[in-house]
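No value in this document is a laboratory result; all are computed from the given coordinates. Just so it is clear, the structure is predicted and the values come from calculations on it, not from any experiment. Every residue, glycine as well, gets a Cβ built from its backbone with ideal geometry; the counts of neighbours run over all protein chains shown.
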Ligand code: G3P
């Protein structure tokens with residue numbers, strides 16, 4: 001049993017009515033397995049999902065500011081107040097400065113939000129772990145959206161990331177992501193010591209998303 005976070009990104013298949021539909025699929029599949037499955041839909045779809053579906057929601061990004069004179073920004077306090085559980089931080093498609101990552105991890109602790117800091121290699125995983133987030137998520141950028149699973153193509157990155165993260169902070173949980181879509185990819189990640197996976201296209205863009213998710217968790 002592991003952790004699965006599905007990032008809807010800005011895919012058409014993951015926004016608007018498609019986001020709500022996918023959230024309902026996740027709610028259903030999640031009720032039939034032991035794995036913890038959460039979603040990270042676009043901001044604009046979060047309220048509707050939270051009002052209609054029983055599923056843990058993360059945001060895909062959050063800005064390193066508090067309430068105030070900031071235009072077009074989303075603060076940690078805003079997501080907390082709306083019932084969002086936590087957020088991805090520093091996703092490779094939305095990188096942040098180190099000082100902003102540190103601000104967010106620490107603010108999340110104060111607010112009781114779950115921090116998932118994304119990293120791109122073993123050394124950044126180690127550095128991120130030193131900030132004591134709840135999760136680090138190692139995703140080699142070149143494999144993102146490739147359909148080539150990191151757990152099979154670069155098992156040493158996953159293993160070494162887990163080792164270095166736990167050496168620095170045994171409490172930090174490690175996810176891996178990029179190219180994950182099959183049950184085998186997920187199980188391999190867990191076998192390599194990861195606590196779970198962060199994934200997107202393999203589910204969000206699948207022709208039959210229910211089937212793809214059921215397959216991922218081993219229900220098929
Ligand atoms: O946030 C997850 C993501 O970057 C991995 O994307 O499409 O390779 O599963 P994908």
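Quick one, what does Rg over Rh come out to for the stretch 1-127 if you take C-alpha atoms and the Kirkwood Rh? Walk me through the numbers before you get to the answer.
On the way: Rg = 14.7 Å, Rh = 15.2 Å.
Across the stretch 1-127, the Cα-based Rg/Rh ratio is 0.97.
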Check: C-alpha center the stretch 147-179 vs C-alpha center the stretch 1-57, spacing in Å is 23
Pair-distance profile P(r), taking every C-alpha pair of the stretch 53-139, with 10 angstrom steps and integer % | 18, 54, 25, 3
Using label points projected 7 Å from each Cα along Cα→Cβ, tell me how many nm separate residue 153 and residue 24, to one decimal.
-> 3.4
Springs between alpha-carbon atoms under 10 Å, Gaussian network over the chain: tell me which of 19, 130, 165 tops the mean-square fluctuations.
-> 130
Using a Förster distance of 35 angstrom, determine the FRET efficiency expected from the C-beta separation of residue 106 and residue 44, and round it to 0.05.
-> 0.80
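Can you divide the C-alpha Rg of the chain by 2.2 N^0.38 Å and report the result to two decimal places? If you can, show how the numbers build up before the last one.
Values: Rg = 16.1 Å, N = 220, 2.2 N^0.38 = 17.1 Å.
Cα-based Rg divided by the globular estimate yields 0.94.
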Listed residues 64, 178, 137, most fluctuating in the chain (Gaussian network, C-alpha, under 10 Å) | 64
Quote to one decimal, in nm, the extra length available between residue 123 and residue 77 on full extension: 0.36 nm per residue of separation minus the C-alpha distance between them.
-> 13.5 nm
Efficiency of FRET between residue 207 and residue 69 - r from beta-carbon atoms, R0 35 angstrom, step 0.05 | 0.15
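Can you tell me the convex hull volume per residue for the stretch 106-216, based on C-alpha atoms, in Å³ to the nearest whole number?
Details: hull volume 10.8 nm³, N = 111.
Once divided by residue count, the hull of the stretch 106-216 is 97 Å³.
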Helix-only [θ] at 222 nm, the chain, -39500 (n - 2.57) per DSSP H run of 4+, per residue, nearest 500, equals -11500 deg cm²/dmol
Starting from the Cα-Cα distance between residue 146 and residue 54, subtract it from 0.36 nm times their residue separation and give me the gain in nm to one decimal.
-> 30.1 nm
Just 51, 132, 59 to compare: in a GNM of the chain, with alpha carbon springs under 10 Å, which one fluctuates most?
-> 51
Antiparallel DSSP beta bridges within the chain, percent to nearest 5 = 0
